[in-house]
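Here is the structure we will look at, set down as structure tokens.
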Ligand SMILES: [Mn+2]
């Protein structure tokens, strides 16, 4: 840290994420921004999430009421890749054709080519995220992926799985994301957890929380997974609360199935949409900000180690760039996730 840095002062223009002065080499945790939303089927804008979060992060006070001084461990965000931005544009154009055809490309060579192109660009993106993560893990960094749509963390979870023979995923979302190649896209945002379960055997447990929008095929698929998947539906959690259960008890139940090492995958739409009005697929209901924060706190206080995390589906209001609300919530959630992760790894101390 430079001697001139004042954690109480306003962030300067040339500062890094959260207004911090650290270079990557002095940072315990590195964010990889992934401006990617190729398979987004409904509202767009999540490819602008990382830059909006970076901008909004400079308004977040460094002193944290949960984790005291998480910034002292050093936090750094890498630059967005120009390649990824270009791949996103190309893949999106192809994906749009397939989405407009309702995902039914059978017999139409042009559409079949478009679908194949999207799948190939997505595989390339996965490889990019995998490589970035691997390289950072190799250097001893904690890695956080900032999306982008929810397809982006696959490569990171894959890289983490090479270091950890067995771990769990705590998944916050309105959606189960266990669709099999949604709209034909192998690497759809709506298929992330299906792909994780099918392709990453080191993930021994998936705990889904806040889920309130899923199709019958997903429900069948989850049930077939048996104990490997624990589904905490939003309606069930709401009913339990209405009938007197408190969030402390529910939080304990939610984390109970998780093993000692956990990756957190946080889709912002797991929160009540008042916290993310411009996200791609908002659904009424969902968690309150402090419910999510408390759940992560309980996870960490149980002694479990957070081995990395992603935050995705944050979309700024593209019609009015003065409206910072979605990015503001995103940046604050990112800071909470960061703080608790550092605490779980002995790199910060909670109050
Ligand atoms: Mn999702």
Here are some conditions: (1) assigned to a strand (DSSP E or B); (2) away from the ligand (no atom under 15 Å from the Cβ); (3) touching a residue at least 60 places away in the same chain (Cβ under 8 Å). Residue 205 meets all but one. Which one does it not meet? (3)
Just checking, which of 196, 169 is outside any helix (DSSP H, G or I) and either out of contact with any helix residue (DSSP H, G or I) (no Cβ under 9 Å at 6 or more places or on another chain) or surrounded by 20 or more Cβ atoms within 10 Å (Cβ to Cβ) (or both)? 169
State whether the residues of region 108-124 include one that is surrounded by 14 or more Cβ atoms within 10 Å (Cβ to Cβ), within 16 Å of the ligand (Cβ to nearest atom) and either closer than 30 Å to residue 336 by Cβ or touching a residue at least 40 places away in the same chain (Cβ under 8 Å) (or both). yes
Taking residue 152 and the conditions (1) away from the ligand (no atom under 16 Å from the Cβ); (2) in a loop (DSSP other than H, G, I, E, B); (3) in contact with a helix residue (DSSP H, G or I) (Cβ under 8 Å, 6 or more places away or on another chain), which numbered condition does it fall short on, given that it satisfies the others? (1)
Within region 289-307, identify whether any single residue is part of a helix (DSSP H, G or I), over 15 Å from the mean Cα position of the chain (by Cα), within 14 Å of the ligand (Cβ to nearest atom) and free of Cβ contacts under 8 Å to residues at least 24 places away in the same chain, and answer yes or no. no
Complete set of residues in region 38-49 that are crowded, with 21+ Cβ neighbours inside 10 Å and either within 13 Å of residue 99 (Cα to Cα) or in contact with a strand residue (DSSP E or B) (Cβ under 7 Å, 6 or more places away or on another chain) (or both): 38, 39, 40, 46, 49
Across region 213-244, what is the total count of residues that are assigned to a loop (DSSP other than H, G, I, E, B), touching a residue at least 24 places away in the same chain (Cβ under 8 Å) and surrounded by fewer than 19 Cβ atoms within 10 Å (Cβ to Cβ)? 2
Take the conditions within 16 Å of the ligand (Cβ to nearest atom), under 19 Å from the mean Cα position of the chain (by Cα) and within 17 Å of residue 70 (Cα to Cα) and apply them to residue 275. Does it pass? no
Go through the residues of region 2-11 one by one and say whether even a single one is in contact with a strand residue (DSSP E or B) (Cβ under 9 Å, 6 or more places away or on another chain) and either outside any loop (DSSP other than H, G, I, E, B) or in contact (Cβ under 8 Å) with a residue 24 or more places away in the chain (or both). no
Just to be sure, is residue 156 touching a strand residue (DSSP E or B) at 6+ places or on another chain (Cβ under 8 Å), farther than 21 Å from residue 287 by Cα and buried (at least 24 other Cβ atoms within 10 Å of the Cβ)? yes
Quick check: anything in region 160-170 touching a residue at least 60 places away in the same chain (Cβ under 8 Å), farther than 23 Å from residue 256 by Cα and within 16 Å of the ligand (Cβ to nearest atom)? no
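Values in this text are rule-based calculations from the coordinates and carry no lab data. The model shown is predicted, which means the values in this text are computed figures rather than measured ones. Glycine also receives a Cβ, built like all others from the backbone with ideal geometry; neighbour counts cover every protein chain displayed.
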